[in-house]
Structure formats: structure tokens, C-alpha cells
Amino acid sequence: MKVPALLQKASELESRGQLTEAIAGYQKVLAHEPSNIDALLLLGRAQLQQGQFEASAKALRRAVTLRPQHGPAQLLLGVALSSDNQPQEALSCFERALA
């Protein structure tokens, strides 16, 4: 299966609330394309929904390292860090998301 199809399937799983399966799908995409911003963002979002704040922050940090000006990634990273009791880092991410 090609990367766009894998990403679409994982996104559909996430929209149906099948987060564990969606996370596995996003990880498959990243195995093929480690720098896929969309997969990193969606992986971080799905992990955030599962309460996996540290894992979510790791994926989202990779996304913002690749694209520092990516507002949605900065915003989600801020949410993950805030949820993981890292308010100062979260605030910096929120400020970058607004910029």
C-alpha cells in the first residue's frame, strides 16, 4: 500500500475512534517516510487523545523540528506539554503557534 493510502486509512480509523489502530497506521507511514509532517501531526494528535502526552510531544517535536513555523503542530505540542505538566515549554509553543 502506498503512503497516501496508508495515511488516509489511518485517518479514517482515527475518525471512527479506533485510536490504537490509527496510531499503528501513522507509524507505518513514518516507517516509509520518517519526515512526513502530516503523519507526525496526526500521530501526535491521536496519542494526545489517548493521554500519551510524552509520546505525543515526541512526535510533535519532530514535526516542529522539520517545520518550525507549522502552527497546528506548535499548538498541539503546546497542548501535549501542558497536559504533561510542562507549562513554560507549552507557553512557548502557544506563542509560536500564534506568530
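Here the relative contact order of the chain, from alpha carbon pairs under 8 Å that lie six or more residues apart, stands at 18 percent. I'd like the carbon and sulfur percentage of the solvent accessible area for the chain, probe radius 1.4 Å, heavy atoms only, ligands and nucleic acids excluded. Ligands and nucleic acids excluded, carbon and sulfur reach 53 percent.
Averaged per residue, the chain has 57 square angstrom of accessible surface, using a 1.4 angstrom probe with ligands and nucleic acids left out. If you look at the Cα atoms of the stretch 7-99, you get an Rg and a Dmax of 12.4, 36 Å.
Spin-label pair H32-R16: with each label point 7 Å from Cα along the Cα-Cβ axis, the two points sit 1.9 nm from one another.
The values are calculated or read from the model by the stated rules, or taken from the named source; none is laboratory data. This is a predicted model, so every value here is computed, not measured. With ideal geometry, Cβ positions are generated from the backbone for all residues, glycine too; neighbour counts draw on all protein chains shown. Side chains are part of the model used for accessible areas, which takes the heavy atoms of the whole protein and leaves out ligands, DNA and RNA. Shrake-Rupley method; radii C 1.70, N 1.55, O 1.52, S 1.80 Å.
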